[in-house]
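The values are calculated or read from the model by the stated rules, or taken from the named source; none is laboratory data. The model shown is predicted, which means the values in this text are computed figures rather than measured ones. Don't worry about glycine lacking a Cβ; one is built from the backbone with ideal geometry, like all the others, and counts go over all protein chains shown.
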Amino acid sequence: MQASAKPVRMAEEPQSVAQRIPLWIYRIVALVAGMALFFPPVNPGRVSEKINSAASLFTTGISYSTITNSMGRILRSQWIQDKDITLLMVSCVILMLGVLFCAAGACMSLGNRRMRRTGMLLPLVGAPVMGVGLFMIYRVYTSIAAHAEEVGKASTVLPILPTGFTVFVIFAALLFCTALIAFLSTRVQADDEKMNMDEKYRLFLMMLPVILLSFIFAYLPIWGWRFAFFDYKPGGTIGPDNFVGFKWFGSLFNDPATVRDLVRVLRNTLIMSGLGIATSWLPIAFAVLLAEIRSTKFQRVVQTLTTIPNFISWVLVYAIAICIFSTDGFINSFLTNVMHVEGANTNYLQIADHTWLKMLLWGTWKGVGWSAIVYIAGIAGIDQQLYEAARVDGANRFRCIWHITIPGLMPTYMVMLLMSVAGILSNGMEQYLVFENAMNKDVIEVLDLYVYHIGIGQNQIPLSTVVGISKSLIGVTLLFAANGISKAIRGESII
Amino acid sequence: MSKKDIAATMHIKRSAGDWIFDIAVIILFSVFTFICIFPFYYLLINTISDNDLVTSGKVNFIPLLKNAAGDGVFGVQINNYLALRNVQDLGSSVLVTVARTIIGTALMVITSAWAGYLVTKQKMWKRSFWYRFLVITMYFNAGLVPWYMNMLMMGLTDNFLAYIIPGMVAPYNIILVKTYIESIPASLEESAIIDGAGTTKVWLKIILPLSVPILATIAIFGAVGNWNSFQDSLLLMNNSPELYTLQHRLYIYLNSSSNLGAMMSQGGTVSEQAAASMLNQRVIQYTVSMVSIIPILLVYPFMQRFFVKGIMLGAVKG
C-alpha cells in the first residue's frame, strides 16, 4: 500500500536539514502573515487612532466605510484627507498582493526540487512588493501627520505607526531571507524532471481553502475568549491597563445580581432540557404505533403531514401561535362565534402559567413527526422473521412490540438520548426569543437567550463571554462523558 | 412475502381488544395530524377571506366573503396578497432571502461536494487529522458572543457576505457526501485515473454526476435552512435593515405594536378601499407569514423523498 502510493519518480535525493529549516520557517511565516491579513490587532494600515480598531488589513484594503466609520467630523473637515485614505487603501492592497505571492510560494514549496526552486522566486518578488506597500503606508502616515500638524489637529487625529507595521516589516524581511537561502541552497540539476508535486501535498493544497474557512469561522472565535479577561467596552480596546484576570469568572459566583440571574436561567434551562429528555421516548411511541396501522396509505399521509412543522422556522411557529392563541385568534373566535361563550378574549400567549409545559408542547408539535422518521426507518429494517417466529411462539402484538420492536430501536434511541444529555445546556435561543414577553421573561429565559440578552442586548461582552466559555467547556465535558458511557456500555462511540 | 402480506396473515384472528386498539390509534393519529396542519389551513383562510369578517372572528373553518347583506358566504379573495406590494421593506427582505437561498445553498453544495470527495482520498497529507479538524466543529463552538466578535473583526456585520460565506463549510453535509462517495465503487474512479484524469477531472466527470442524489438532499435541506434563517440576520445586521431576511422582517412585524397599516407607503395601484381594509395589522402579519410558508410547502413534496436518506446516512458517522 505504502509503496504503491508513492510515485515512481521519487528517486530525487531527500532534502538536507540545512535546506529544510529555512523552508519550514518560510512556510510558517507565510501562513502566519496570510492569517494576519484578517487580524485587526496587527493591522499595519491603522496609521491613525481614529481608524476603526476592528478593521483588519484586509478590511482596510477593501472597505472605505469600515475604516472611516468612527471618524465623523475628522473626515468631514478633512483633517484626514480623502486622498490619504485612498492611498492607504491602495498601499494595503499592494501589501496584500505581496503576501499573496509569498503564500503562493509557500504552496509551491511543497513540490519537487524544481517546483520548490521556482516557488522560492515568488517571495523574492513578493517580499519586495510587501516592502513597497509598507513604504507607501509609511508615506501615508507621514502625510497624515504633516497635514494634521498643519491644521493643528494632531491631538485629534492621533497619527501613529501601528505595531502591525513593525510586524509586517519583520514578516517581509523573514520571508525574503528564508526564501533566498532556500532558493540558493536548492540547485537545479540537469537531470531534474519537470515541475511536479507529490500527490499527498497536492490533495492537501486542494483541501486548504476549506480548512482555512473552517478555521476562520469555527476556530478563530476562540480567540474572542480573551475578552473574558479584560474590562472591555464595545468600541474600546483591550490592553494591560484593563486586564482583570479572572474577575469576570469570579463574578459568576460572587456578584449577587449575576448569581441570581444565573440560578434562574439555569433552572429554566435544566427544566426545559429535562422535560425534553423525559419525553424523548415520544418519537418511538409515534413510530411504533404508526407501524401498527395496517393501511400504508394512512401511514404515509400521517407521516407527510406531521413532518411539515419541522421545516418552518420558529418565527413562523410564533406567527401560528398568534393566529391560534392570541386575543383575536382561533381559540377565542371559536369560543365566541361557535360556542357562544361570553367575553372570550384571553391572549394565551401573554399568560406566564405553565410556560415550560407550553414550550415543550410547541417543541413536540414541531419535532415529533420528524424525529419519528429515524425510528420508522429503524422498524422497517427489523428482520420480519423475528415477528413470524414470535407469532408462532404465541406472542401477541404487544409482546411483539415489547420484545422485538423496542429492543430493535434501542441502539438508535441511546445515541439520541446521550446526545441530548450532552446538549443539556444548549436549548438554542430562537424558540424562547420569539415566545418571550414581559409576562413570561422570568421563566422562559434559557442560557442561550441569556447570553444573547446580556452580550448583544446590554453590551456586557466580558460577562457574556465568560458565561459562553463555561457553557462550551461544560458542553464538551458532557459530550466526552456521554461518549465514554456509550463506549463502556455499547462498545461504540457516538461522535 | 411483503410486510403487508405477512401482516395480513398474522392478523387473521383479531380480538375485540385488537379492534379497539386499532381504532384508538387511528383516532390518535388523526387528531395529531389535524393539529399539525390545521394552523396552516387557518392561516390561509384568514388571508383569503374578507378582512372585516376576519377581524370579527367569523372565519373559523371556511374562507368567507361578505354578501350584499353583510353576512359571510363562502368565497375567496387575493387582495391581501396583491396589497403586500405596498408593505414597506418587505420587498428587500424577500430579495435578500431569495438571493442567500440560491447563492448560499449553491456555494455550500459545491464546497461540501469538493471537501467530501477530498476527504475520501487516503493519500492526502494528514488526511484523518484534517477530517477530524472539520468534523469536531459540529460538537464545539466558542459561544455566541465570541462568534459575534469574530464576525465583527472580519467585517462581516452589515454585509450580505455574512449570509453565505460562513455557511459554506458545513461539516455534517461533508460527512454525508463522504459517506455517499465511499459507497461508489472505487473501480469507476480508478479506471478514470488510469485513463489519465486528474483529481479535479475525476471529481467533475465521475464523482459529481454519481453523487447527485446526496447533493440534492443537502441542497434542499440547505435551501430550507437558508430560507428559514433568522438568527444571523438578527445578530449581524443591526445597522442595515435593508439586509434583514424575511424571517427577521416577519419577526419585526409580529412584534410591532404600532399599526402595520401605517407602514404602508402611499400610492400604488391598490384601490383606496382595499388599502383601507389592509389597515388591519393582523391580516398583514398573517399574509406575510403565509408568503414565507408557501415556498416551504412547495418544495416539501420533493424533499420528502430525501428524508430517510438524509437521516439514515447521518447515523453512519465516521
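The set of residues in the range A:62-107 that are within 20 Å of A:Ile160 (Cα to Cα) and within 14 Å of chain B (Cβ to nearest Cβ) comprises A:Tyr64, A:Thr66, A:Ile67, A:Thr68, A:Asn69, A:Ser70, A:Met89, A:Cys92.
Kindly indicate whether A:Leu205 is free of Cβ contacts under 8 Å to residues at least 24 places away in the same chain and within 11 Å of chain B (Cβ to nearest Cβ). It is false that A:Leu205 is free of Cβ contacts under 8 Å to residues at least 24 places away in the same chain and within 11 Å of chain B (Cβ to nearest Cβ).
If the requirement is being within 22 Å of B:Asp232 (Cβ to Cβ) and more than 7 Å from chain A (Cβ to nearest Cβ), which of these qualifies: B:Val169, B:Val119, B:Val96, B:Val177? Only one candidate passes the filter, namely B:Val96. Entry remark, the range B:28-76: residues being touching a residue at least 12 places away in the same chain (Cβ under 8 Å), in a loop (DSSP other than H, G, I, E, B) and small (Gly, Ala, Ser) number 2 in total. Screening the candidates A:Phe183, A:Phe176, A:Phe168 for the property of being under 25 Å from A:Ser109 (Cα atoms), in contact (Cβ under 8 Å) with a residue 24 or more places away in the chain and either in contact with a Lys or Arg (Cβ under 8 Å, 6 or more places away or on another chain) or not assigned by TED's automatic domain parsing to the domain that holds A:Leu97 (or both) yields one hit, A:Phe183. Annotation: of all residues in the range A:314-332 being aliphatic (A, V, I, L, M), facing chain B (nearest Cβ under 7 Å) and under 12 Å from A:Phe435 (Cα atoms), the one that is nearest to the chain's Cα centre (by Cα) is A:Val315. Among the criteria (1) closer than 24 Å to A:Ala30 by Cβ; (2) in the same structural domain as A:Pro41 (by TED's automatic domain parsing), the one A:Pro221 does not fulfil is (2).
Filtering the range A:304-313 to residues that are more than 7 Å from every other protein chain (Cβ to nearest Cβ) and aromatic (Phe, Trp, Tyr) leaves nothing. Can you spot a residue in the range A:408-420 that is assigned to a helix (DSSP H, G or I), closer than 30 Å to A:Ile322 by Cα and either free of Cβ contacts under 8 Å to residues at least 24 places away in the same chain or assigned by TED's automatic domain parsing to the domain that holds A:Val259 (or both)? Yes, the range A:408-420 contains at least one residue that is assigned to a helix (DSSP H, G or I), closer than 30 Å to A:Ile322 by Cα and either free of Cβ contacts under 8 Å to residues at least 24 places away in the same chain or assigned by TED's automatic domain parsing to the domain that holds A:Val259 (or both).
Taken residue by residue, the range A:349-368 has at least one member that is at the interface with chain B (Cβ under 9 Å from one of its Cβ atoms) and farther than 20 Å from B:Leu44 by Cβ.
When B:Ala83 is tested against (1) over 30 Å from A:Ile456 (Cβ atoms); (2) within 14 Å of chain A (Cβ to nearest Cβ), only condition (2) is not met. Checked against the criteria, B:Val169 does not count as touching a residue at least 40 places away in the same chain (Cβ under 8 Å), surrounded by 14 or more Cβ atoms within 10 Å (Cβ to Cβ) and touching a Phe, Trp or Tyr at 6+ places or on another chain (Cβ under 6 Å).
Taking the criterion of being under 19 Å from A:Pro309 (Cα atoms) and surrounded by fewer than 22 Cβ atoms within 10 Å (Cβ to Cβ), the residues of the range B:41-54 that qualify are B:Tyr41, B:Tyr42, B:Leu44, B:Ile45. Looking at the range B:156-166, which of the residues that are surrounded by 20 or more Cβ atoms within 10 Å (Cβ to Cβ) and not in a loop (DSSP other than H, G, I, E, B) is nearest to the other protein chains (Cβ to nearest Cβ)? The selected residue is B:Ala162. Inside the range A:268-303, residues that are within 12 Å of chain B (Cβ to nearest Cβ) and over 30 Å from B:Val288 (Cβ atoms) make up a count of 18. Going through (1) small (Gly, Ala, Ser); (2) in contact with a Cys (Cβ under 8 Å, 6 or more places away or on another chain); (3) surrounded by fewer than 17 Cβ atoms within 10 Å (Cβ to Cβ) one by one, A:Gly369 falls short only on (3).
Listed by position, the helices (runs of 4 or more DSSP H) inside the range A:52-132 whose residues that are hydrophobic (A, V, I, L, M, F, W, C) number at least 3 are A:57-62, A:82-108. Look at (1) away from chain B (no Cβ under 14 Å); (2) free of Cβ contacts under 8 Å to residues at least 40 places away in the same chain; (3) not small (Gly, Ala, Ser) and you find that A:Leu262 fails only one, number (2). Residues of the range A:356-406 that are assigned to a loop (DSSP other than H, G, I, E, B) and of a type outside the set (Asp, Glu): A:Gly381, A:Ile382, A:Gly394, A:Ala395, A:Asn396. Across the range A:433-466, the number of residues qualifying as away from chain B (no Cβ under 12 Å) and in contact with a helix residue (DSSP H, G or I) (Cβ under 6 Å, 6 or more places away or on another chain) comes to 6. Criterion applied to A:Ile469, A:Ile424, A:Ile474 was being in the same structural domain as A:Ile322 (by TED's automatic domain parsing), of a type in the set (Val, Ile, Thr) and outside any helix (DSSP H, G or I), and the one residue passing it is A:Ile424. When B:Leu82 is tested against (1) loosely packed, with under 13 Cβ neighbours inside 10 Å; (2) of a type outside the set (Gly, Ala, Ser); (3) within 29 Å of the chain's Cα centre (by Cα), just one condition goes unmet, and that condition is (1).
Looking at A:Leu316, is it assigned by TED's automatic domain parsing to the domain that holds A:Thr364, closer than 23 Å to B:Leu234 by Cα, assigned to a helix (DSSP H, G or I) and not small (Gly, Ala, Ser)? Against the criterion (assigned by TED's automatic domain parsing to the domain that holds A:Thr364, closer than 23 Å to B:Leu234 by Cα, assigned to a helix (DSSP H, G or I) and not small (Gly, Ala, Ser)), A:Leu316 qualifies. Residues in the range B:85-103 that are among the small types (Gly, Ala, Ser) and crowded, with 23+ Cβ neighbours inside 10 Å: B:Ser93 alone. Yes or no: the range B:144-155 includes at least one residue that is more than 7 Å from chain A (Cβ to nearest Cβ) and assigned to a loop (DSSP other than H, G, I, E, B). No, there is no match, as no residue in the range B:144-155 is more than 7 Å from chain A (Cβ to nearest Cβ) and assigned to a loop (DSSP other than H, G, I, E, B). Taking A:Gly152, is it part of a loop (DSSP other than H, G, I, E, B) and either in the same structural domain as A:Gly105 (by TED's automatic domain parsing) or buried (at least 21 other Cβ atoms within 10 Å of the Cβ) (or both)? The answer is yes for A:Gly152. Is it the case that B:Val109 is at pLDDT 95 or above and surrounded by fewer than 17 Cβ atoms within 10 Å (Cβ to Cβ)? The answer is no for B:Val109. Collect the residues in the range A:319-328 that are assigned to a helix (DSSP H, G or I) and either in contact (Cβ under 8 Å) with a residue 12 or more places away in the chain or not assigned by TED's automatic domain parsing to the domain that holds A:Met429 (or both), keeping them in residue-number order. Of everything in the range A:319-328, those that are assigned to a helix (DSSP H, G or I) and either in contact (Cβ under 8 Å) with a residue 12 or more places away in the chain or not assigned by TED's automatic domain parsing to the domain that holds A:Met429 (or both) turn out to be A:Ala321, A:Ile322, A:Phe325.
Do we have A:Ile222 as at the interface with chain B (Cβ under 7 Å from one of its Cβ atoms) and farther than 30 Å from B:Ile193 by Cβ here? The answer is yes for A:Ile222.
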